[in-house]
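Undergrad: Quick one: the structure is below, and I'll ask about it shortly.
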Amino acid sequence: MTTDNELDNYHENVSQLDKYLATPGLLNTLEWRPAKNGHSVFEKTDETHFIGIVVGSVAEYRLNAGTRGNYINSTYGSLPKAKYQFYLTKPIVQAFRADFDRAFDLLNGLQNQVAHTTHKKDMLFEQSGGRMIRFTKSIFHKRSVRVRDSPPPVKRKLNEEEIEMNLEEMDEETKNWTVPEENEQELDAIKPDYRAIPLRVYSGDAFIEPTDVNNVLNGALVEVMFSIHHTFIKKQSGPQDSFQAEIEQVTVIKPRPPDLTRDPRAGRMTIGKRSRHLAKGKETENDGKPTTSYATAGPSKSD
């Protein structure tokens, strides 16, 4: 989806959805209710979590939607707590720009309804560079029952009879989950107790494989479906309200522009409406008509 007409049609269709965050009056239909770790947003007439929809551009800033998410190493946390993460910014596509601001304002209004403090963190960011919404989701989910270690780089103190009686085979998704080499041992150690869940990312109807998600999302115009959660945290440094926009699904509307970092031998770049090239001291436009003559750069006689 690349043409203006296609984008306008997409905007018209998504604007008719009652979950679209730019919908007028939507805030009045929502409420916070107690949930597992704090509060979650529900529709006043529904018993399930509210799933909202917003459209924006994925920023390269702290984009960590790959197979290890925002995890780096054990100095900064543990692999089981790793999260997919990306930030959404206001798109350049005109049809969605005002909608992004409306969505941001609605989320800010929701935060103000439940916050105990003025320190509201983790979801909305408003800085000199503009507004951003942070989205996250846990990569690894705790299993209710441990499964058989496969592959088994970490030896378990279980005899073969106990394994056969009590442990099921590991699911294929987790068994074949890949991370950078420096994290492989950590991953193998948690596989029997944690299951890897791919992020639901689609381009059209095509599912994007976990190893490709980071590249596909970077700079793309996307539709995000997400739920909204709140936790009040008491700290010695001071209490704070933590908010999470939890990713449910991402759909790529328009891929990022072509990368300008390419092989120079592949040909000249064209930027804007006018393309010029040098040919024996003459500058010509696309139609081949000469415009301005000048000397080509080269070494002078004094060099």
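Undergrad: Of these, 122, 105, which one is under 22 Å from residue 39 (Cα atoms), out of contact with any strand residue (DSSP E or B) (no Cβ under 8 Å at 6 or more places or on another chain) and at pLDDT 95 or above?
TA: Only one candidate passes the filter, namely 105.
For every residue, the table says whether it meets (1) among the basic types (Lys, Arg); (2) in a helix (DSSP H, G or I); (3) modelled with pLDDT of 95 or more; (4) farther than 23 Å from residue 71 by Cα.
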| position | (1), (2), (3), (4) |
| --- | --- |
| 145 | no, no, no, yes |
| 149 | no, no, no, no |
| 154 | no, no, no, no |
| 163 | no, yes, no, yes |
| 186 | no, yes, yes, no |
| 195 | yes, no, yes, no |
| 212 | no, yes, yes, no |
| 216 | no, yes, yes, no |
| 224 | no, no, yes, no |
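Undergrad: Select from the range 169-205 the residues that are touching a Lys or Arg at 6+ places or on another chain (Cβ under 6 Å), open to solvent by 40 Å² or more (accessible area, probe 1.4 Å) and either more than 18 Å from residue 141 (Cβ to Cβ) or free of Cβ contacts under 8 Å to residues at least 40 places away in the same chain (or both) and list them in ascending order.
TA: 169
Undergrad: So residue 99 passes all but one of these: (1) of a type outside the set (A, V, I, L, M); (2) loosely packed, with under 15 Cβ neighbours inside 10 Å; (3) not in a strand (DSSP E or B). Which condition number does it fail?
TA: The number of the failed condition is (2).
Undergrad: Right, something else. Has the range 211-220 got any residue that is open to solvent by 50 Å² or more (accessible area, probe 1.4 Å) and over 20 Å from residue 62 (Cβ atoms)?
TA: no
Undergrad: Residue 269 is checked against (1) assigned to a strand (DSSP E or B); (2) among the aliphatic types (A, V, I, L, M); (3) at pLDDT 70 or above; (4) open to solvent by 50 Å² or more (accessible area, probe 1.4 Å) and fails just one. What number does that condition carry?
TA: (1)
Undergrad: Those residues that are under 16 Å from residue 223 (Cα atoms) and assigned to a strand (DSSP E or B), I need them from the range 45-54; list them, please.
TA: Answer for the range 45-54, where residues must be under 16 Å from residue 223 (Cα atoms) and assigned to a strand (DSSP E or B): 52, 53, 54.
Undergrad: Additional query: Do we have any residue at all in the range 180-195 that's within 18 Å of residue 63 (Cβ to Cβ) and hydrophobic (A, V, I, L, M, F, W, C)?
TA: So far as the range 180-195 goes, no, none of its residues is within 18 Å of residue 63 (Cβ to Cβ) and hydrophobic (A, V, I, L, M, F, W, C).
Undergrad: Can you give me the number of residues within the range 25-44 that are modelled with pLDDT of 95 or more and either in a loop (DSSP other than H, G, I, E, B) or exposed (fewer than 10 other Cβ atoms within 10 Å of the Cβ) (or both)?
TA: 4
Undergrad: Working carefully through the options 71, 84, find the one that is open to solvent by less than 30 Å² (accessible area, probe 1.4 Å), under 30 Å from residue 192 (Cβ atoms), part of a loop (DSSP other than H, G, I, E, B) and touching a residue at least 40 places away in the same chain (Cβ under 8 Å).
TA: On the way: 84 fails: part of a loop (DSSP other than H, G, I, E, B).
Being open to solvent by less than 30 Å² (accessible area, probe 1.4 Å), under 30 Å from residue 192 (Cβ atoms), part of a loop (DSSP other than H, G, I, E, B) and touching a residue at least 40 places away in the same chain (Cβ under 8 Å) holds for just one of 71, 84, which is 71.
Undergrad: Which residues, counting only those in the range 1-24, are modelled with pLDDT of 95 or more, of a type in the set (S, T, N, Q) and outside any helix (DSSP H, G or I)?
TA: Matches in the range 1-24: 16, 23.
Undergrad: In the range 117-147, how many are surrounded by fewer than 18 Cβ atoms within 10 Å (Cβ to Cβ), touching a residue at least 60 places away in the same chain (Cβ under 8 Å) and in contact with a Pro (Cβ under 6 Å, 6 or more places away or on another chain)?
TA: Result for the range 117-147: 1.
Undergrad: Do we have residue 61 as outside any helix (DSSP H, G or I) and either modelled with pLDDT of 95 or more or on the phi > 0 side of the Ramachandran plot (or both) here?
TA: no
The values are calculated or read from the model by the stated rules, or taken from the named source; none is laboratory data. Given the structure is predicted, the values throughout are model-derived calculations rather than measurements. Cβ sites come from the backbone with ideal geometry, for glycine too, and all protein chains shown count toward neighbours. Heavy atoms of the whole protein, side chains included, go into the accessibility calculation; ligands, DNA and RNA do not. Shrake-Rupley method; radii C 1.70, N 1.55, O 1.52, S 1.80 Å.
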